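Scroll down for the structure; my scribbles are underneath it.
The values are calculated or read from the model by the stated rules, or taken from the named source; none is laboratory data. On a predicted model such as this, the values are computed, not experimentally measured, just so you know. Virtual Cβ from ideal backbone geometry, glycine too; neighbours counted across all protein chains shown. For accessibility, only protein heavy atoms count, side chains too; no ligands or nucleic acids. Shrake-Rupley method; radii C 1.70, N 1.55, O 1.52, S 1.80 Å.
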Amino acid sequence: MKSSTKTLVGIFLFLLLYSQSLQAQSQIAGTVQTESGQPLPFVNVLLLSAADSSLIKGEVSGENGEYVLKNIAAGNYLVMASMVGFLEYYSSPLQMKGETGKMNLDAIILQEDVKELKAVEVVAKKPLFEQKIDRLVINVENSITSAGSSALEVLERSPGVVVNRQNNSLSIAGKDGVVVMINGKINRMPLEAVVQMLAGMPSSNIESIELITTPPADFDAEGNAGFINIVLKQSNDNGLNGAYTFSGGYGKGTTASSGINFNYRQKNINLYGDYSFSREAQEQVFTFGRQVMLNGETIGTDTRSVRDPIQRNHNARLGLDWNLSPKTVLGVLLSGYDNRWSMDAMNHSTISRNGLPDTLLTIANDEVNHWKHLGGNLNLQHTIREGETLTFDADYLSYDNVNPTNYFINYSDGAGALLFQEQTFSGKATPIEVGVGKLDYTKTFSEKLKMEAGIKGTVSHFDNDVTVSRIENGASVNDPNLTAKYQLEESIAAAYSAFSLKLDDKSDLKLGLRYEYTNSNLGTVEQANIVDRQYGNFFPSAFLSRTFNDQNSANISYSRRITRPTFNDMAPFVIFVDPYTFFSGNAALQPSISNNVKVDYRFKTALFSIQYTVEDSAIARFQTRVIEGTNQQLIAAENMKNRRTASFTTAFPIQVAEWWRMQNNLIGSWQEVNAYFDGQPVQLRTKNLRVVWINMFTLPKDFSAELVGFYQTKGLFGAAEFLPIGALNIGIQKKLGGAAGTLRFGIDDVLNSIKWRGESNFPEYNLVSSFEADFSQRTFKLTYSRNFGNDKLKRQRQRGTGSEEERERVN
């Protein structure tokens, strides 16, 4: 470790010295003027690819009408200029040969739009997929079938992303350990609560989704599969502006959502915010089955659960940016939500002995899972001098979760005669507090070398008050084996440094090194130090990108990652499915470490990617075990010995006709899991293919339509095997005249085929089980959205917070 660290430090010092000899890269410069020759400030000047008019980069002209487009690789381009009240301007094609220097264009003359007195909407059309040096960006804001959908449903259609609703989990390219960010801020809450939040977040608030599978050093090392960053819309405009949307639908129950966002920008002040509401009440049906050998007999347990859940979500943000001086910006951001999931269910279980019914159970249960959150961020950004900035973030995050469940159980014999009744209660109260401090420093030595460095500290306190009780002789009696109050204290200290280097006009290199030290302690009043760990790790990362020409580019990257056990996975708790099947925590969980290598290649608008990951002590959630000598099944997170994953992703568009554009995504993976059953090593291997097919149709009279389908072959979830699944969604859109808004109609899950099915088949280890979960129904949805306010474009400040990597680990 010491030698590798010295090597990295030596590379950084070399880059620092080498930077002094670097020269400027290709630039395009010019001015924008009126027809009378007056300079025009605040004009949007965009650099577009000559091949498909996709956006490469953009600038806004200064007070004197001047603009400079920097760091331009070799290729063919167009320059576009636009401003409210003027006709759009397009240059003739420009060829950049990749040589250093500046290309000075003739003055751009914008002509007044005398025919159109109303505001002109300027749209730079982005491609559906944009491959950057360290992430894949999916521009989803114009998707028709996404209208009226949730953020979770949008993720389900993203390349490489798999949403497992049965286990409330997310994976990318076959790997678990995904960390979800909202506008660069991680939600430090249980993954089940993150999935619940995303299910209630309207897609109308989403601008893009970023898949960051090999994160750079300025990101926390948490998350073996990488990050999913959901970028919400925030306006760039002067004055007051925003948008609102309403959506309603039906499919074996109702679904509804609404949202509004606003932005007010005036001089040195920018005030922004958004609010969304959603409610979904659709029937769900689960089935579970298993067989165990007990005392020479085959004991079978089959359960069917019909559920009537209601999920109600409120989400809100309010932020303020204040330019204290030309070099200093102060930002304050408040965010919060109130998300409540409740359910009434009727469960019927049959316990058979050697194939004959022995015991019948009827279980009526009701459950509430209620999450509340309030968070605050203070951000101060100061520009020391041109190219040198210092950013400080302080965050406080507070969460509160209550999860009570009641069970009313009737036991009958195999013929249906009532034997006895039982009433059980399980409850979990979980308050969580997190404090974060972060300091980042960036310095641009030249247009070819940039340095980033920073430190960060996180302190977390977590309580988990678990109660399990039964009614005995008319009184509630706690189960002493399952009732306890757990406390977890955790602190993480981190430091990082990274260098970005322009090797030449076509090549970029980024090297980073991060160190994190973790101190975790979990215990109860009765038993201290159930978990008491202190460990430190180095996490190097490297990215190399090369643009061969305007049609070909490639990236290669490496990163080392860690997945720490989530708070709830370590803290013991019990949730019953029936008296013989329950979920629990696992205090023995260990962190897992992964090494990831990825290669990306772009040809025109097609993307190709391959990735290989080795993950030691991989954490698999919701793994099943039969307690020896009983018919009880335990479901909990467990460490596997290791997991190896090789995957490829292919995304390519096809222009079938002028009115028909098709996007095709293929995601394939090979996975090997080495695990243990009853102390014996077991090796599992599988291949998986996921196909996503998106069709976009441009129709007459401002109509457009979309047809989206996906199919996934069987794959592994830890040591369990998931069976194939597929779905089809359709939608049609009408842009109403003028500023009247947009109306969309869609049908989700047209074939009513989204049913999660899985099985574990290890009779030699007394583990034979299966399940099916029907979360989704065929749903008809109608959505209306409209923008309001001023649309005079102006640049906005882009910033994150200090708690991007903290919000996810609340789980």
Using a 1.4 Å probe and counting only protein heavy atoms, arrange Arg265, Arg685, Arg135 so the residue with the most accessible area comes first.
Arg685, Arg135, Arg265
Hydrodynamic radius (Kirkwood) for region 254-301, which is based on Cα pairs only, to one decimal in Å
16.5
Name the shape class, rounded, prolate or oblate, that the alpha-carbon gyration tensor gives for region 478-560, where a ≥ b ≥ c are the square roots of its eigenvalues, rounded holds for a/c under 1.5, and otherwise prolate holds if a/b is larger than b/c and oblate otherwise.
prolate
For Asp338, what charge total do you get from the other residues with a beta carbon under 14 Å from its beta carbon, if Lys and Arg give +1 and Asp and Glu give -1?
+4
Once the cut-off is 15 Å, how many percent of the Cα-Cα pairs in region 652-717 end up in the long-distance tail?
65
Which of Arg564, Arg533 is most accessible, then next, and so on - probe 1.4 Å:
Arg533, Arg564
Of Lys70/Lys735; Lys327/Lys506; Lys448/Lys598, which ones are farther than 29 Å apart at the Cα?
Lys70/Lys735; Lys327/Lys506
To the nearest 0.05, the calculated FRET efficiency linking Phe603 and Lys714 through their beta-carbon distance, R0 being 41 Å, is 0.85
In region 607-643, which trypsin sites (Lys or Arg not before Pro) fall in coil by DSSP and have 16 or fewer other Cβ atoms within 10 Å?
Lys641
If you roll a 1.4 angstrom probe over the protein chains with everything in place, what fraction of the accessible area of region 627-751 belongs to carbon and sulfur, to the nearest %?
62
Quick check: net charge around Ser584, other residues with Cβ under 14 Å of its Cβ, Lys/Arg +1 and Asp/Glu -1?
0
Given the Cα-Cα distance of Val60 and Ser325 and 0.36 nm per residue of separation, how much length would full extension add, in nm?
93.4 nm
Convex hull volume per residue for region 355-420, taking Cα atoms only, in Å³:
136
Accessible solvent surface per residue of region 627-738, calculated while the other protein chains remain in place, 1.4 angstrom probe, Å²
48
How far is it, in nm, from the label point at Lys701 to the one at Glu658 when both lie 7 Å from their Cα along the line to the Cβ?
2.0
Taking amide hydrogens as modeled 1.01 Å from N in the peptide plane, which residues meet the under 5 Å criterion relative to Tyr676, leaving out close sequence neighbours?
Lys641, Val682
Give me the net charge of Ile351's neighbourhood, meaning all other residues with Cβ under 10 Å from the Cβ of Ile351; Lys, Arg count +1, Asp, Glu -1.
-2
Cα→Cβ-extended label distance, 7 Å offset, between Leu743 and Thr287, nm
4.2
What figure, in Å² to the nearest 10, do you get for the accessible area of Leu334 with a 1.4 Å probe and non-protein molecules left out?
100
If the chain between Leu378 and Leu503 were fully stretched, how many nm would it gain, using 0.36 nm times the residue separation less the Cα-Cα distance?
41.3 nm
Rounded FRET efficiency, nearest 0.05, which uses the C-beta distance separating Phe277 from Asp463 and R0 of 25 Å
0.30
³J(HN,Hα) computed for each position of region 386-402 - Karplus, 6.51 cos²θ - 1.76 cosθ + 1.60, integer Hz, glycine/proline x
4, x, 9, 10, 10, 10, 10, 10, 10, 10, 10, 10, 10, 10, 9, 10, 10
Assuming R0 = 30 Å, can you tell me the calculated FRET efficiency for the pair Asn406 and Gln680, based on Cβ-Cβ distance, to the nearest 0.05?
0.15
Treat each spin label as a single point 7 Å out from the Cα along the C-beta direction, and report the Lys735 to Tyr535 distance in nm.
5.4
Tell me, what is the 1.4 Å probe accessible area of Glu672, in Å² to the nearest 10?
20
For Met696, Met346, Met80, what's the largest-to-smallest order of accessible area, 1.4 Å probe?
Met346, Met696, Met80
